[in-house]
1. Select, from Arg42, Arg33, Arg14, the only residue that is over 19 Å from the mean Cα position of the chain (by Cα) and open to solvent by 20 Å² or more (accessible area, probe 1.4 Å).
2. Go through the stretch 137-147 and report how many residues are hydroxyl-bearing (Ser, Thr, Tyr) and within 12 Å of Ala164 (Cβ to Cβ).
3. State yes or no: is Pro79 modelled with pLDDT of 95 or more, of a type outside the set (D, E, K, R) and over 29 Å from Glu158 (Cβ atoms)?
4. Go through (1) polar (S, T, N, Q); (2) touching a residue at least 24 places away in the same chain (Cβ under 8 Å); (3) touching a helix residue (DSSP H, G or I) at 6+ places or on another chain (Cβ under 6 Å) one by one and return the number of the condition Thr153 breaks.
5. Of Ser60, Ser88, which residue is out of contact with any Asp or Glu (no Cβ under 6 Å at 6 or more places or on another chain) and open to solvent by 60 Å² or more (accessible area, probe 1.4 Å)?
6. What number goes with the only condition from (1) of a type outside the set (D, E, K, R); (2) within 16 Å of the chain's Cα centre (by Cα); (3) within 28 Å of Lys111 (Cα to Cα) that Pro89 does not pass?
7. Would you confirm whether any residue within the stretch 7-23 is among the β-branched types (Val, Ile, Thr), without any contact (Cβ under 8 Å) to a residue 40 or more places away in the chain and closer than 30 Å to Leu128 by Cβ?
8. Return the pairs, sorted by first residue and then second, in which the second residue is among the aromatic types (Phe, Trp, Tyr) and assigned to a loop (DSSP other than H, G, I, E, B), the first residue lies in the stretch 70-96 and is touching a residue at least 40 places away in the same chain (Cβ under 8 Å), the beta carbons are less than 7 Å apart, and the residues are 6+ apart or on different chains.
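The values are calculated or read from the model by the stated rules, or taken from the named source; none is laboratory data. Predicted model only: the values in this text are computed from it and were never measured. Cβ placement follows ideal geometry from the backbone for every residue including glycine, while neighbour counts extend to all protein chains displayed. Note: accessible area is taken over every heavy atom of the protein model, side chains too, but ligands, DNA and RNA are not part of it. Shrake-Rupley method; radii C 1.70, N 1.55, O 1.52, S 1.80 Å.
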Amino acid sequence: LVCVNLFIDSDPQRAHLHGMAAAHHAGRLAVARESAGYAAYRAGKYEIALRELRAAHRISGDVSIWPVMADCERGLGRPLKALEMAGSPEVSRLEKPEEIEMRIVAAGARKDLGQLDAAVITLTCKELKTENADWSVRLRYAYADALEAAGRTKEAREWFAKCAQLDRDGSTDALERSQTS
């Protein structure tokens, strides 16, 4: 598990291999299955990630992994399944960061289906005004991106600029997109 965390950002494929080894040796531990699932997700192996995350969920009952599971469904080309998960009772048990992540995944599923205005509506929420939460940059970026996809370029530019103000470490390309959208 230490190696999964060590390589997850720098070498996702290697982290995935370590995650699978951990799941093989400790398959009844939710943490091993969850780590294997996250590593597979980062490596783009959505079917494996979904299998491991489902197992972790069955073992622990932890719903915090629900948004990643829904995004795996998107990665497998099943946006309707992702939307079904976004509307499930488990979502009401999510903490705010995971709730925001699920909202972002649901909006992405709407975009996958060509429902661009619905994607914007999915991300329209009071939390867009929040500036000091870890998820603020991701939410604003997703909202700006959805606006741009829906053809609302002026609003998109404004929201990319608002995102860029919060993105102090440059984790997004919001600054560039605020000038070119």
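1. It is Arg14.
2. Start the filter on the stretch 137-147 by keeping residues that are hydroxyl-bearing (Ser, Thr, Tyr), which leaves 141, 143.
Restricting the remaining residues to those that are within 12 Å of Ala164 (Cβ to Cβ) gives 141.
Of the residues in that region, 1 qualify.
3. no
4. Failing condition for Thr153: (3).
5. Ser60
6. (2)
7. yes
8. none
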